[in-house]
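Everything below concerns the one structure shown next.
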Amino acid sequence: MQLIIQGPNVETSDLRKLAKLSAANGIEQIAPNVFRLAQANPHAEVEALCAEAQLDFGFVPETQTLNQIGLAVMDMDSTLITIECIDEIADMLHLKPQVAAITASAMRGEIDFAQSLTQRVALLAGLEQSALQRVYEERLKLSPGAEKFLTTLQARGIKTLLVSGGFTFFTDKLKARLKLDYTASNVLEIEDGKLTGKVLGTIVDAQGKAEWLKRMRDELGLQRNQVIAIGDGANDLKMLEEAGISVAYHAKPVVRAQATYAINYSGLDAVLNLFTHSK
């Protein structure tokens, strides 16, 4: 195994401590603020040391390369982008604290996602459709490293699926903007230019996300170990379980505990460093 260490600020002293803990055979810098500790052995104290130093780590098999990946599946809100769109929509009605509290509870896995979405969308009834465009233009920001992450995947012919418990208004725009292959999300009902407070069709919840991953995996003729999935909330867990490699990105504790890897401090492009560099 190789131990990959990365973060906003990687101190030499921390690298030496980690190399000693893992009995690694050498330290190699592979990119700015990204280091590879060769022939490392897992050690219980590595996680604690990295948390204290605000470093991301991953024990990566030498054979794990992007060449084996055929599909990358990712969540939208607080993963591909930095915001929770529904919270920002609610802010247009001065209801952000109420809606954000429900969102946070759902992401921690405390309440059912579909039920929580129905509750939150109901609070948006009467809002002008134009508010959605304002959220997109004024508040929606890509996560750091998102464009580099996606262009690298696309250059290697890896298909991309954005699957979200959010809304098609935003996933459709991101699909065109970022040249994503597939998107799946929820449809807000709009009548006379205003939100009705309802969602049309079946809600894309935790199970829905997992089903979309499996559907695209099967259509592409891929095995589980050829799929990587990235998410941050409890409603991503079933999706992450269906991927050979799962990444918790700036995620809730329940997600970090179950994912293959966790990225807590770096940008989305840090996921690329969890694969041995290959041509």
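Please enumerate the residues belonging to the range 86-100 that are surrounded by fewer than 24 Cβ atoms within 10 Å (Cβ to Cβ), among the hydrophobic types (A, V, I, L, M, F, W, C) and either touching a Leu at 6+ places or on another chain (Cβ under 8 Å) or within 15 Å of residue 150 (Cβ to Cβ) (or both).
92, 93, 95, 99
How many of the residues making up the range 11-20 are touching a residue at least 24 places away in the same chain (Cβ under 8 Å) and surrounded by fewer than 19 Cβ atoms within 10 Å (Cβ to Cβ)?
Total meeting the criteria: 2.
Any idea how many residues of the range 249-279 are charged (D, E, K, R), assigned to a loop (DSSP other than H, G, I, E, B) and crowded, with 17+ Cβ neighbours inside 10 Å?
Final tally of qualifying residues: 1.
Which ones in the range 29-42 are of a type outside the set (S, T, N, Q) and either crowded, with 16+ Cβ neighbours inside 10 Å or in contact (Cβ under 8 Å) with a residue 24 or more places away in the chain (or both)?
Matches in the range 29-42: 30, 31, 34, 35, 36, 37, 38, 40, 42.
Could you say whether any residue in the range 57-73 is buried (at least 23 other Cβ atoms within 10 Å of the Cβ), assigned by TED's automatic domain parsing to the domain that holds residue 10 and touching a Cys at 6+ places or on another chain (Cβ under 7 Å)?
Within the range 57-73 (the criterion being buried (at least 23 other Cβ atoms within 10 Å of the Cβ), assigned by TED's automatic domain parsing to the domain that holds residue 10 and touching a Cys at 6+ places or on another chain (Cβ under 7 Å)), the answer is yes, since at least one residue qualifies.
From 39, 29, which residue is part of a loop (DSSP other than H, G, I, E, B), over 29 Å from residue 236 (Cβ atoms) and out of contact with any helix residue (DSSP H, G or I) (no Cβ under 9 Å at 6 or more places or on another chain)?
So the residue among 39, 29 that is part of a loop (DSSP other than H, G, I, E, B), over 29 Å from residue 236 (Cβ atoms) and out of contact with any helix residue (DSSP H, G or I) (no Cβ under 9 Å at 6 or more places or on another chain) is 39.
Which residues, taken from the range 239-279, are among the hydroxyl-bearing types (Ser, Thr, Tyr), in contact with a helix residue (DSSP H, G or I) (Cβ under 8 Å, 6 or more places away or on another chain) and touching a residue at least 60 places away in the same chain (Cβ under 8 Å)?
Correct list: 249, 261, 278.
Testing residue 237 on (1) aliphatic (A, V, I, L, M); (2) in a loop (DSSP other than H, G, I, E, B); (3) crowded, with 18+ Cβ neighbours inside 10 Å, one condition comes back false. Which one is that?
Only one criterion is unmet by residue 237, namely (2).
Which of the strands (runs of 3 or more DSSP E) contained wholly in the range 112-214 include at least 3 residues that are in contact with a strand residue (DSSP E or B) (Cβ under 6 Å, 6 or more places away or on another chain) and hydroxyl-bearing (Ser, Thr, Tyr)?
In the range 112-214, 182-191 are the strands (runs of 3 or more DSSP E) which contain 3 or more residues that are in contact with a strand residue (DSSP E or B) (Cβ under 6 Å, 6 or more places away or on another chain) and hydroxyl-bearing (Ser, Thr, Tyr).
Take the conditions closer than 19 Å to residue 167 by Cα and more than 23 Å from the chain's Cα centre (by Cα) and apply them to residue 115. Does it pass?
no
Could you say whether any residue in the range 184-194 is of a type in the set (Val, Ile, Thr), surrounded by fewer than 17 Cβ atoms within 10 Å (Cβ to Cβ), under 19 Å from residue 137 (Cβ atoms) and over 19 Å from the mean Cα position of the chain (by Cα)? First the steps, then the outcome.
First, pick out the residues of the range 184-194 that are of a type in the set (Val, Ile, Thr): 187, 190.
Next, from what is left, pick out any that are surrounded by fewer than 17 Cβ atoms within 10 Å (Cβ to Cβ): 187, 190.
With under 19 Å from residue 137 (Cβ atoms) added as a condition, the list becomes 190.
From what's left, over 19 Å from the mean Cα position of the chain (by Cα): 190.
Yes: one or more hits.
Suppose we keep only residues that are in contact (Cβ under 8 Å) with a residue 60 or more places away in the chain and touching an Asp or Glu at 6+ places or on another chain (Cβ under 7 Å) within the range 44-76. Which one would you say is nearest to residue 215 (Cα to Cα)?
75
The values are calculated or read from the model by the stated rules, or taken from the named source; none is laboratory data. Keep in mind that what you see is a predicted model, and the values were worked out from it rather than measured. So basically every Cβ, Gly included, is an ideal-geometry build from the backbone, and we count neighbours across all protein chains shown.
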